[in-house]
């Protein structure tokens, strides 16, 4: 049992007041706020907090979630990673009920490491860490998801991340279903992303679907500024050849 003086009790009360249910606190972050490892160990022994892995804590008997973990990694550890692809589109309400991977979370990391406590914890979702970096400049947005701020790819980038994994993770039919809901994309963001995207296949496939649906934003894209490379790209075997973009899909 933790024996506390007036100052120590106030310190604990201050911590509990700012610690919401489901939240994860990082040891280094707590240390910077004057909660030493010695004090944290005392809280653990008194069943006030518990560890979910080295350097990460939750309230005792509390349940934590992937999005509270991402929040902690992004804003307490200041790690350079974001939620992307279909997960980001789901969070924006664009791809609900499209496909079967609604229990998958796609995390993109750029020249940064993912804490072991996150990768080793048994989350109820399938966590996929992607090391792909197809953009020289990401377009990200902080959104509030279930009371946690999460840095995600904007929809314009998320659909291109999804296309980059076509066949490997997603079928062309699934990409097409998503495009049905992409009526409100912003042409300026699309233009910037296509100009700094390193994947020729991704750019060609995106423009193919953009032409197919031909929303208003598609007519504002300046294709002359987009490098599409040379040579045929086979997206799927036994697909249809699209001469304009030299792809088989």
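The values are calculated or read from the model by the stated rules, or taken from the named source; none is laboratory data. Quick caveat: nothing in here was measured; it's all calculated off a predicted structure. Positions of Cβ are backbone-derived with ideal geometry, glycine not excepted, and every protein chain shown enters the neighbour counts.
Being in the same structural domain as residue 81 (by TED's automatic domain parsing) and either farther than 30 Å from residue 103 by Cβ or surrounded by 11 or more Cβ atoms within 10 Å (Cβ to Cβ) (or both) narrows it down to one of 70, 24, 52, so name that one.
Values: 24 fails: in the same structural domain as residue 81 (by TED's automatic domain parsing); 52 fails: in the same structural domain as residue 81 (by TED's automatic domain parsing).
Of 70, 24, 52, the one residue that is in the same structural domain as residue 81 (by TED's automatic domain parsing) and either farther than 30 Å from residue 103 by Cβ or surrounded by 11 or more Cβ atoms within 10 Å (Cβ to Cβ) (or both) is 70.
Go through (1) crowded, with 18+ Cβ neighbours inside 10 Å; (2) part of a helix (DSSP H, G or I) one by one and return the number of the condition residue 14 breaks.
Condition not satisfied by residue 14: (1).
Does any residue of region 201-209 turn out to be touching a residue at least 40 places away in the same chain (Cβ under 8 Å), within 20 Å of the chain's Cα centre (by Cα) and either over 21 Å from residue 232 (Cα atoms) or not assigned by TED's automatic domain parsing to the domain that holds residue 230 (or both)?
No, the conditions are met nowhere in region 201-209.
Exactly one condition in (1) within 30 Å of residue 158 (Cβ to Cβ); (2) free of Cβ contacts under 8 Å to residues at least 60 places away in the same chain; (3) outside any loop (DSSP other than H, G, I, E, B) is not met by residue 57; state its number.
(1)
Could you please find all residues in region 169-225 being touching a strand residue (DSSP E or B) at 6+ places or on another chain (Cβ under 7 Å) and in a helix (DSSP H, G or I)?
172, 175, 193, 196, 200, 201, 203, 204, 205, 208
When only residues in region 114-141 that are under 16 Å from residue 77 (Cα atoms) and exposed (fewer than 14 other Cβ atoms within 10 Å of the Cβ) count, which is nearest to the chain's Cα centre (by Cα)?
Step one: of region 114-141, the residues under 16 Å from residue 77 (Cα atoms) are 114-119.
When the remaining residues are screened for being exposed (fewer than 14 other Cβ atoms within 10 Å of the Cβ), the result is 116, 119.
On the way: 116: 17, 119: 14 Å.
So the residue we want is 119.
Can you find a residue in region 74-82 that is in the same structural domain as residue 178 (by TED's automatic domain parsing), closer than 18 Å to residue 144 by Cα and part of a strand (DSSP E or B)?
Within region 74-82 (the criterion being in the same structural domain as residue 178 (by TED's automatic domain parsing), closer than 18 Å to residue 144 by Cα and part of a strand (DSSP E or B)), the answer is yes, since at least one residue qualifies.
Residue 90 - would you say it is assigned to a loop (DSSP other than H, G, I, E, B), at pLDDT below 95 and closer than 25 Å to residue 138 by Cβ? Explain how you work it out, then say what you get.
Working: assigned to a loop (DSSP other than H, G, I, E, B): no; at pLDDT below 95: yes; closer than 25 Å to residue 138 by Cβ: yes.
When the stated conditions are applied, residue 90 does not pass them.
Just the residues that are in contact with a helix residue (DSSP H, G or I) (Cβ under 9 Å, 6 or more places away or on another chain) and loosely packed, with under 15 Cβ neighbours inside 10 Å, please, taken from region 235-248. Outline the logic, then answer.
If we filter region 235-248 for residues that are in contact with a helix residue (DSSP H, G or I) (Cβ under 9 Å, 6 or more places away or on another chain), which is where we start, we get 235-236, 239, 242, 244-247.
Result: 236, 239, 244.
Looking at (1) over 28 Å from residue 126 (Cβ atoms); (2) touching a strand residue (DSSP E or B) at 6+ places or on another chain (Cβ under 9 Å), find the lone condition where residue 57 falls short.
For residue 57, the failing item is (1).
Only residues that are within 15 Å of residue 155 (Cβ to Cβ) and touching a helix residue (DSSP H, G or I) at 6+ places or on another chain (Cβ under 7 Å): list them for region 203-234, please. Before you say what the answer is, go through the steps one by one.
Keep residues of region 203-234 that are within 15 Å of residue 155 (Cβ to Cβ), which gives 206, 209-210, 213, 215, 217-218.
206, 209, 210, 213, 217, 218 - these are the residues of region 203-234 that are within 15 Å of residue 155 (Cβ to Cβ) and touching a helix residue (DSSP H, G or I) at 6+ places or on another chain (Cβ under 7 Å).
Would you be able to tell me the number of residues in region 21-43 that are part of a helix (DSSP H, G or I), touching a residue at least 12 places away in the same chain (Cβ under 8 Å) and either touching a strand residue (DSSP E or B) at 6+ places or on another chain (Cβ under 9 Å) or closer than 16 Å to residue 117 by Cβ (or both)?
6
Residues in region 147-156: is at least one surrounded by 15 or more Cβ atoms within 10 Å (Cβ to Cβ), at pLDDT 95 or above, assigned by TED's automatic domain parsing to the domain that holds residue 230 and assigned to a helix (DSSP H, G or I)?
Just the residues of region 147-156 that are surrounded by 15 or more Cβ atoms within 10 Å (Cβ to Cβ), to begin with: 148, 150-156.
Within this subset, residues satisfying the condition of being at pLDDT 95 or above are 148, 150-156.
The next check asks that each one be assigned by TED's automatic domain parsing to the domain that holds residue 230; those that pass are 148, 150-156.
Imposing the further condition that a residue be assigned to a helix (DSSP H, G or I) reduces the set to 155-156.
Taking every residue of region 147-156 in turn, at least one turns out to be surrounded by 15 or more Cβ atoms within 10 Å (Cβ to Cβ), at pLDDT 95 or above, assigned by TED's automatic domain parsing to the domain that holds residue 230 and assigned to a helix (DSSP H, G or I).
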